[in-house]
Amino acid sequence: MLAFLATLNVAIINPAVVPLSTEFGIAHVTGTYQTTVAIGTSALGPLIFTPFANAYGRRPAYLLSILTGFASALGSAKAKSYGTLILARAMNGFGPSAALGLGAGTVVDVFFVHERGKAMGLFTLMLTNGAHLAPIDMMKRYRLVAMLPAILGGAGASMWGPS
């Protein structure tokens, strides 16, 4: 699910760029920078989370990742200025991106050899198709759209919670 969220979070606000730009009083092109920032920081996540997971374990890395994604999605939805939105989107790209670097290794560790094909296929399906499902624009209200990753992140955090 985190692999799905990592790519969904980056692209989910794209269909609502025009209302977002209108609300903040900026040009439409400037409104798309929030996606560029999220994509850029999602590339940094695996570089940080992989060594962190090697030192402290994958579970703390996943928990930190999904909670960062949850909090930053809420920040994106509640942003009062474009600068705040950019900061929240930067964290939103960075947070859930742990799955990009840790996901395949987790599948290999958790599943037996004869089960890995289906599990890796499901992981790859989630990883590659999160952005494809992002254009669900919910009446082009960007704040409502930004809440969807927060809801999914909260559900994911509850699954990874204390055991």
Problem - Near pairs, Cβ below 7 angstrom, 6+ apart or cross-chain, from the stretch 121-134 (touching a residue at least 12 places away in the same chain (Cβ under 8 Å)) to any residue that is among the aromatic types (Phe, Trp, Tyr) and open to solvent by less than 50 Å² (accessible area, probe 1.4 Å) - result: MET126/PHE4; GLY130/PHE4
Exercise for the section: Sort through LEU20, LEU2, LEU8 and tell me the only one that's more than 15 Å from GLY69 (Cα to Cα), open to solvent by less than 40 Å² (accessible area, probe 1.4 Å), in contact (Cβ under 8 Å) with a residue 40 or more places away in the chain and not β-branched (Val, Ile, Thr). Expected result: LEU20
Exercise for the section: Kindly provide the set of residues from the stretch 36-61 that are polar (S, T, N, Q) and touching a Ser or Thr at 6+ places or on another chain (Cβ under 6 Å), ordered by number. Expected result: SER42
Fill in the blank from the handout: The helices (runs of 4 or more DSSP H) lying wholly within the stretch 10-100 that contain at least 2 residues that are in contact with a Leu (Cβ under 8 Å, 6 or more places away or on another chain) and basic (Lys, Arg) are none
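For (1) surrounded by fewer than 12 Cβ atoms within 10 Å (Cβ to Cβ); (2) modelled with pLDDT of 85 or more; (3) under 13 Å from the mean Cα position of the chain (by Cα), each residue gets a yes or a no:
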site	(1), (2), (3)
GLY83	yes, yes, no
SER97	no, yes, yes
GLY103	no, yes, no
VAL113	yes, yes, no
LYS118	yes, yes, no
ASP137	no, no, no
MET147	no, no, yes
ILE151	no, no, yes
Exercise for the section: Answer yes if at least one residue in the stretch 32-47 is crowded, with 17+ Cβ neighbours inside 10 Å, closer than 14 Å to ALA98 by Cα and of a type in the set (Val, Ile, Thr), and no otherwise. Expected result: yes
Completion exercise
Taking the stretch 48-58 and keeping only residues that are among the aromatic types (Phe, Trp, Tyr) and surrounded by fewer than 21 Cβ atoms within 10 Å (Cβ to Cβ), one is left with PHE52, TYR56
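The values are calculated or read from the model by the stated rules, or taken from the named source; none is laboratory data. Here the structure is a predicted model, which means the values were calculated and not measured. Neighbour counts run over all protein chains shown; Cβ positions are idealised from the backbone, glycine included. Only protein heavy atoms, including side chains, enter the accessible area calculation; ligands, DNA and RNA are left aside. Shrake-Rupley method; radii C 1.70, N 1.55, O 1.52, S 1.80 Å.
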